[in-house]
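Participant: Pasting in a structure now, in structure tokens, and then I'll have a few things to ask.
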Amino acid sequence: MPTPLRVGLAGLGTVGQGVVRLLLEDAAGLRARAPRPLVLSRVASRTPRPHVALGGAPFSTDARALIDADDVDVIVETIASTDADAALAASKELLAGAIDAGKGFVTANKALIAREGNALLAAARNAGTHVGFEAAVAGGVPIINALTQGLAANRIEWLAGIVNGTSNHILTAMAQDGQSFDAALAEAQRLGYAEADPTFDVEGIDAAHKLAILAHLAFGAPLDLAGVYVEGIRAIDAEDIAYARELGFRVKHLGVARRGAQPRVHPCLLPEDSLIAKVDGVSNAVQVHGHAVGSTLYVGPGAGAAPTASAIVANLLEIARAAPMALPAPAQAGATAPIGALTCQHYLKIPAADEPGVFAQVAEILSRHGVSIESVIQRGAAARGEAASQWVPIVILTNAAAEAEMRAIVAAIEGLDGVTGRIGRIRVADFGGTV
Ligand code: HSE
């Protein structure tokens, strides 16, 4: 009889319950895929959930006890809390305890890896502890497996994609169903996609955590969350999405990491016929460009109980096969070009007074900075179905311009008397390839 891999689960929220279901519902199927059977040995959660069937595993409210339990070989950590710092501290304590106790550790916690990973993963490596975090990035999409195994022969040049399911769900609902931002976010929360604190999703923090992890795995430099440039989707409105569509684009929230450049997450205009532009709803999509393979694309559900459990149980099976993920050896960080050095096209939505001469002044500023206009949309109040309006949006698609130049242009245009508010600015995807 092979020795079972005994699992202690910490956290019984949406994801934890998904793990329990997956382990119990198809135990025979899982049994066929690894030499050691996976057994749910113990479950711990701050909040008891008596309605959740645990297959006979004892329940406790003390997650720390899993560290010392002699019938637990690997701890699965799916702790969620509206207090992100408290959740991070609890997972950090568990991982440190697992390393000391010689137990494996599997987590869905991207903040743990992105914020504390340099020290903790080094300690795990030294101790020979298996740490799996496939579920921390892009939910059920095996992107970490792709980077560390399938593409291991490649020098990764860049990767880019949608890594927050909630933001993608919101942008899709706004574009397709005309839903408001708040209604779309509430639905994402109801479906279990959003973080316990959903500002992490809509402000790009969750995506930044994931991008920091991907950049580390792709380029081998230390994890550097603080080095990621971050913008979320709050400034995007339905009008931007409609104008972008008129110009032949979709609006997506992207993470982009290029070797030698500052990783960045921000909204992007993507050509409507690009593959990533067609990835809607809670789905994530990451395109990875390797020097030998060229471009590869990974698409699938980026959040939700079952997809996240799929990634967690895959890590458990790796440990049961004694073939855990190969993490890059720590390397020195190379010099990186800051986002100010980025050059790309821009979409600008300028709220302008409905009076003569404003557009001419805007065009003069762009011209003075050496930036050409590719397309313009401006409609008066009547064309927009309004009786009268104090202001009209001037929408401009520029040719490629440096980030720093564009910041100066935006400041100059916002300083015009005829411009009545903040300019909406969205970068156009610049990463090339086959997207
Ligand atoms: N809140 C995350 C998302 C869950 O929406 O993508 C998966 O990390």
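Participant: Under a Cβ-only charge scheme (Lys and Arg +1, Asp and Glu -1), can you give me the dipole magnitude of the range 342-428 about the Cα centre, in debye to the nearest 20?
Facilitator: The calculation lands at about 260 debye.
Participant: For an R0 of 41 angstrom, estimate the FRET efficiency from the Cβ-Cβ distance between THR82 and ALA242 and round to the nearest 0.05.
Facilitator: Given R0 = 41 Å and the Cβ-Cβ separation, E is 0.75.
Participant: Rank ASP354, ASP68 by accessible area, highest first, at a 1.4 Å probe radius?
Facilitator: Sorted descending by solvent-accessible area, the residues read ASP68, ASP354.
Participant: I'd like the accessible area for ASP224, computed on protein heavy atoms only with a 1.4 Å probe and all protein chains in place. Round to 10 Å², please.
Facilitator: Only protein atoms counted, so the area is about 90 Å².
Participant: Something else: Quick one: 3J(HN,Hα) in Hz for the range 9-18, Karplus 6.51/-1.76/1.60 with θ = phi - 60°, rounded, Gly and Pro as x.
Facilitator: Going residue by residue, I get 9, 10, x, 10, x, 3, 6, x, 5, x Hz, with x marking Gly and Pro.
Participant: So which residue, out of PRO48, PRO222, PRO271, gets the largest mean-square fluctuation from a GNM of the chain using Cα contacts under 10 Å as springs?
Facilitator: PRO48
Participant: By a straight-distance test (C-alpha under 17 Å), which lysines pair with LYS278 as possible cross-link partners, with residues fewer than eight away in the same chain excluded?
Facilitator: Straight-line reach from LYS278, under 17 Å: LYS252.
Participant: Once phi is turned into ³J(HN,Hα) by the Karplus curve 6.51 cos²θ - 1.76 cosθ + 1.60 with θ = phi - 60°, what whole-Hz value does each residue of the range 112-121 show in order, with x for glycine and proline?
Facilitator: So the J values, rounded to whole Hz, are 4, 6, 5, 8, 10, x, 4, 6, 5, 5.
Participant: While we're looking at this one, here's another question. At 1.4 Å probe size, with every protein chain present, just tell me what the per residue accessible area of the chain comes to in Å².
Facilitator: 41 Å²
Participant: Between ALA183 and ALA122, what length comes free when the chain is fully extended (0.36 nm per residue of separation minus the Cα-Cα distance, one decimal in nm)?
Facilitator: 17.7 nm
Participant: Skipping prolines and chain starts, which residues have an amide H placed within reach, meaning under 5 Å, of the one on TRP391, given they are 5 or more residues away or on another chain?
Facilitator: ASP354
Participant: Would you list HIS130, HIS51 from the most to the least accessible area, probe 1.4 Å?
Facilitator: Largest accessible area first, the residues go HIS51, HIS130.
Participant: Shifting gears a bit: Can you tell me which lysines have their Cα less than 21 Å from the Cα of LYS103? Leave out same-chain residues fewer than eight positions away.
Facilitator: Partners within reach: LYS92.
Participant: By DSSP, what percent of the beta bridges with both residues in the chain are antiparallel, rounded to the nearest 5?
Facilitator: 65 percent
Participant: So, one more: In the full protein assembly as shown, how much of PHE59 is accessible to a 1.4 Å probe, in Å² to the nearest 10?
Facilitator: Here the accessible area works out near 80 Å².
Participant: In nm, give the distance between the simple-model label positions of ARG368 and ARG407, each being 7 Å from the Cα along the Cα-to-Cβ direction.
Facilitator: With each label placed 7 Å out from Cα toward Cβ, I get 1.9 nm.
The values are calculated or read from the model by the stated rules, or taken from the named source; none is laboratory data. In this text the structure is predicted, and so the values were computed from the model without any measurement. For neighbour counting, all protein chains shown are included, and Cβ atoms are generated from backbone atoms with ideal geometry for every residue, glycine included. Keep in mind that these areas ignore ligands, DNA and RNA; they rest on the heavy atoms of the full protein, side chains included. Shrake-Rupley method; radii C 1.70, N 1.55, O 1.52, S 1.80 Å.
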